[in-house]
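S.K.: Okay, here's the structure, questions in a sec.
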Amino acid sequence: MTVNTSKSRAHKPAAKGRPPRNFQDPATDHLMSMVLELVTEFSVMRDRLDALERLLDERGVLRQAAIDQYEPDAATAAVRAKRHETYVRRVLKSIREDMEQLTLRQE
C-alpha cells in the first residue's frame, strides 16, 4: 500500500476577509462554520489514522491493542495540549472575530 502524504501535509492558506453570511442569524453562521471545520478536520484525521493503522498492521509492526493501551509521557502530553489549543482556536475563529469587533465598538 502506498500513501501519499504530500497533499495532506500541505499548508492551507487562511481565507482573508469576512466569510459570507448564509443564514439570517449570525450565530447560526458561526455554528455552521465550526461544524464544517470540525467535519473537515475529522475526515482527514480518520483517513490518515486508517492509513497508518493499516500500514502498521500489514507490516506486522504494531497491534491494535498496543495503540489502545498507549499512555503519553509528559512531553508528548504538552505537545498534544498545544495542538489542542491551536485546533480549538481555529474552530472558534469566527466567534472570536465577532467578539473582538463587538469589544472594539464598545470602547
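The values are calculated or read from the model by the stated rules, or taken from the named source; none is laboratory data. Bear in mind that the values here come from a model prediction, so they are computed numbers and not experimental data. Using ideal geometry, Cβ is built from the backbone for each residue, glycine included, and neighbour counts are taken over all protein chains shown.
S.K.: For the condition of a type in the set (Gly, Ala, Ser), more than 30 Å from Asp25 (Cα to Cα), at pLDDT 95 or above and loosely packed, with under 11 Cβ neighbours inside 10 Å, what is the one hit in Ala74, Ala66?
M.R.: Ala74
S.K.: Count, please, the residues in the range 98-107 that happen to be free of Cβ contacts under 8 Å to residues at least 12 places away in the same chain, acidic (Asp, Glu) and surrounded by 10 or more Cβ atoms within 10 Å (Cβ to Cβ).
M.R.: Of the residues in the range 98-107, 1 are free of Cβ contacts under 8 Å to residues at least 12 places away in the same chain, acidic (Asp, Glu) and surrounded by 10 or more Cβ atoms within 10 Å (Cβ to Cβ).
S.K.: Given the options Arg48, Arg89, name the one that is touching a residue at least 24 places away in the same chain (Cβ under 8 Å), among the basic types (Lys, Arg) and either surrounded by 12 or more Cβ atoms within 10 Å (Cβ to Cβ) or assigned to a helix (DSSP H, G or I) (or both).
M.R.: Exactly one residue qualifies, and that residue is Arg48.
S.K.: Looking at Glu71 and the list (1) more than 19 Å from the chain's Cα centre (by Cα); (2) more than 30 Å from Ile95 (Cα to Cα); (3) part of a helix (DSSP H, G or I), which single condition is not satisfied?
M.R.: (3)
S.K.: Please go through the range 31-45 and pick out each residue that is within 19 Å of Thr86 (Cβ to Cβ), surrounded by 14 or more Cβ atoms within 10 Å (Cβ to Cβ) and not polar (S, T, N, Q).
M.R.: Of everything in the range 31-45, those that are within 19 Å of Thr86 (Cβ to Cβ), surrounded by 14 or more Cβ atoms within 10 Å (Cβ to Cβ) and not polar (S, T, N, Q) turn out to be Met34, Glu37.
S.K.: Something else now. Out of the residues in the range 82-107 that are over 12 Å from the mean Cα position of the chain (by Cα) and among the β-branched types (Val, Ile, Thr), state the one that is farthest from His30 (Cα to Cα).
M.R.: Among those that are over 12 Å from the mean Cα position of the chain (by Cα) and among the β-branched types (Val, Ile, Thr), it is Thr103.
S.K.: Hey, another quick one. For residues that are acidic (Asp, Glu) and more than 28 Å from Val35 (Cα to Cα), tally how many sit in the range 55-107.
M.R.: Within the range 55-107, residues that are acidic (Asp, Glu) and more than 28 Å from Val35 (Cα to Cα) number 5.
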